[in-house]
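Everything below concerns the one structure shown next.
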Amino acid sequence: MDMMTLRGWWCKQTHGNAYTEGWPDFFSCHYSYGQRWVEVKLPNMKGSHFTSAQLRDFPEFMAHGSGVWILTAASEGEYQKLFEPPNWWKYLDVMK
């Protein structure tokens, strides 16, 4: 979130209690780039997993026009993922 905020994004954390089950970690928006739902996972996905609620809800986000982007570090390469199509589904096989 800090890296994105420095680049002009407004970010709002969404996880942390029972009422946010299934939501990505944070919501972000930028005047020029639009909105992104972001889920943060560990580098190389070691020890990371989707919760059962995320596995239920992330497809619904996509089916209703909102993507979810997975980022694994505060790096330029990871930041550039925000300008590609939503990528959460690419991590399904990695996290079994």
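The values are calculated or read from the model by the stated rules, or taken from the named source; none is laboratory data. This structure is a prediction, so every number in the text was calculated from the model and none was measured. Don't worry about glycine lacking a Cβ; one is built from the backbone with ideal geometry, like all the others, and counts go over all protein chains shown.
Scanning region 40-57 turns up at least one residue that is assigned to a strand (DSSP E or B) and in contact with a Ser or Thr (Cβ under 9 Å, 6 or more places away or on another chain). Is it fair to say residue 40 is touching a residue at least 12 places away in the same chain (Cβ under 8 Å), in contact with a Pro (Cβ under 7 Å, 6 or more places away or on another chain) and surrounded by 13 or more Cβ atoms within 10 Å (Cβ to Cβ)? Against the criterion (touching a residue at least 12 places away in the same chain (Cβ under 8 Å), in contact with a Pro (Cβ under 7 Å, 6 or more places away or on another chain) and surrounded by 13 or more Cβ atoms within 10 Å (Cβ to Cβ)), residue 40 does not qualify. Would you confirm whether or not region 39-55 contains a residue that is at pLDDT 95 or above and either more than 14 Å from the chain's Cα centre (by Cα) or hydrophobic (A, V, I, L, M, F, W, C) (or both)? No.
What number of residues in region 2-27 are touching a residue at least 40 places away in the same chain (Cβ under 8 Å), not acidic (Asp, Glu) and not in a loop (DSSP other than H, G, I, E, B)?
Result for region 2-27: 2.
Please verify whether region 68-91 includes one or more residues that are in a helix (DSSP H, G or I), of a type in the set (A, V, I, L, M) and at pLDDT below 95. Within region 68-91 (the criterion being in a helix (DSSP H, G or I), of a type in the set (A, V, I, L, M) and at pLDDT below 95), the answer is no, since none of the residues qualifies.
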